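Scroll down for the structure; my scribbles are underneath it.
The values are calculated or read from the model by the stated rules, or taken from the named source; none is laboratory data. This structure is a prediction, so every number in the text was calculated from the model and none was measured. Heads up, the Cβs are rebuilt from the backbone with ideal geometry, glycines too, and the neighbour counts pull from every protein chain shown. Quick note on the areas: whole protein, heavy atoms, side chains included, nothing else; ligands and nucleic acids left out. Shrake-Rupley method; radii C 1.70, N 1.55, O 1.52, S 1.80 Å.
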Amino acid sequence: MRSSCVLLTALVALAAYYVYIPLPSSVSDPWKLMLLDATFRGAQQVSNLIHYLGLSHHLITLNFIIVSFGKKSAWSSAQVKVTDTDFDGVEVRVFQGPPKPGEPLRRSVVYIHGGGWALASAKIKYYDELCTAMAEELNAVIVSVDVCVCEYAVKFGYTAQANSSYFEGSYYTRYRLVPQVYFPEQIHDVVRATKYFLQPEVLQKYKVDPGRIGVSGDSAGGNLAAAVGQQFSQDANLRNKLKLQALIYPVLQALDFNTPSYQQNVNTPILPRYVMVKYWVDYFKGSYDFVQAMIVNNHTSLEVEEAAVLRARLNWTLLLPASIKKDYKPVVQTTGNARIVREIPQLLDARSSPLIAGQDVLQHLPKTYILTCEHDVLRDDGIMYARRLESVGVEVTLDHFEDGFHGCMIFTSWPTNFSVGMRTRNSYIQWLDQNL
């Protein structure tokens, strides 16, 4: 009996050691965040083990875990009709809210989910619940762009390197993910689905007002939404333009991983700096050998001439307010590793890093909403983008949450319900209601 108590005490101590991480007191529901982070870290470690054993790519396995535990069928309610379909071969989940009395046409949002260009799905409960709430509260049609569901790849032992013809089949003609495809294929899929939706006959089918359509997304989905916004604003052949864009803690640049928010939140869940840099490397099919060098900005050192002009476009010493900069110092290497940009030129592509686009592109963007969180490595990406847009005359609302963390807006239901999750979601939907 005594030995059992000792063993139990030891197990509890080990579990507490694994779960506990130091967090600032200002973050929302810190103990709940620790548990969420520990769960995600555990899933990552399982997927890494499976990758090490050669059974499947770690991102495919991790996505299988995420989708398996959170997948939700297309269930309609009395207020919102939910259907799964495809737009020009890209799978989408459509949420049709009730029309407002006296308004036969509804407004609409094309929503792109996050997940580091590699994880999650429109069909998991977090995004299903968010889009259902948007459709009902906005009396709108929400088009949630889905991903290929990677459970098929896991079940049949497929990887990105093996049997590529399988991935080109019907299961995989969707908003495809790393490691099945890499930049810029994710952008192409989202653009294709959005352009299909904007066709007059499709808008008529869903009773959508062509003058009241926006694009939105969170995290990597916010990155894709920003890329779509920039591309569509330059497309003279596009008949129906986007009225607005709403970007939720978007990832917007890969040149500087030492902005104040990256330095402040280097180990903050659920997106530590090291993990974010690895997502970038995965997105570009780069080598993990570059990760440590990129963390210290060796890829954009002064000797990398291609990055010289672009660095000026995200000079945070000029773009960020003093309350954000605090006492942090820029990290600009005199010499670095020019090989990184030679092998991964996508790092300097504005389609992957919308923050580095020129003023001639930014000035044509629609009204913009950007939500940022204090405890997030991506905080300063959003703030800098807001400042750059404002400088060229774009109307911008910057909505900052002091107790927010990356990903918080989708965590609104038990057991991952955070107070800041509900507040961010309400604020986001309220802005859409007032501006769309």
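General remarks:
- Taken together, the residues in the range 287-314 that are closer than 22 Å to SER391 by Cβ and free of Cβ contacts under 8 Å to residues at least 12 places away in the same chain amount to 3.
- Here the condition is being within 29 Å of SER353 (Cβ to Cβ), open to solvent by less than 10 Å² (accessible area, probe 1.4 Å) and in contact with a Phe, Trp or Tyr (Cβ under 7 Å, 6 or more places away or on another chain); of VAL90, VAL109, it holds for VAL90 alone.
- Of everything in the range 420-436 that is open to solvent by 10 Å² or more (accessible area, probe 1.4 Å) and in contact with a strand residue (DSSP E or B) (Cβ under 8 Å, 6 or more places away or on another chain), the residue that is nearest to LEU242 (Cα to Cα) is ASN435.
- Residues satisfying the stated conditions in the range 329-372, i.e. closer than 30 Å to TYR428 by Cα and out of contact with any Leu (no Cβ under 8 Å at 6 or more places or on another chain): ASP349, ALA350, ARG351, SER352, ALA357, GLY358, GLN359, ASP360, VAL361, GLN363, HIS364
- Evaluation of GLY211 against (1) part of a loop (DSSP other than H, G, I, E, B); (2) surrounded by fewer than 22 Cβ atoms within 10 Å (Cβ to Cβ) (one fails), failing number: (1)
- Taking the criterion of being out of contact with any strand residue (DSSP E or B) (no Cβ under 9 Å at 6 or more places or on another chain) and open to solvent by 30 Å² or more (accessible area, probe 1.4 Å), the residues of the range 367-399 that qualify are SER391, VAL392, GLY393.
- Enumeration of residues in the range 240-283 that are out of contact with any Leu (no Cβ under 7 Å at 6 or more places or on another chain), outside any loop (DSSP other than H, G, I, E, B) and charged (D, E, K, R): ARG273, LYS278
- Failed item, numbered, when PHE69 is tested on (1) modelled with pLDDT under 90; (2) crowded, with 19+ Cβ neighbours inside 10 Å: (2)
- In the range 246-270, the qualifying residues are those that are open to solvent by 10 Å² or more (accessible area, probe 1.4 Å) and hydrophobic (A, V, I, L, M, F, W, C), and the one that is farthest from ASN315 (Cα to Cα) is ILE270.
- Failed condition for ASN417, given (1) under 18 Å from the mean Cα position of the chain (by Cα); (2) closer than 20 Å to ASP37 by Cβ: (1)
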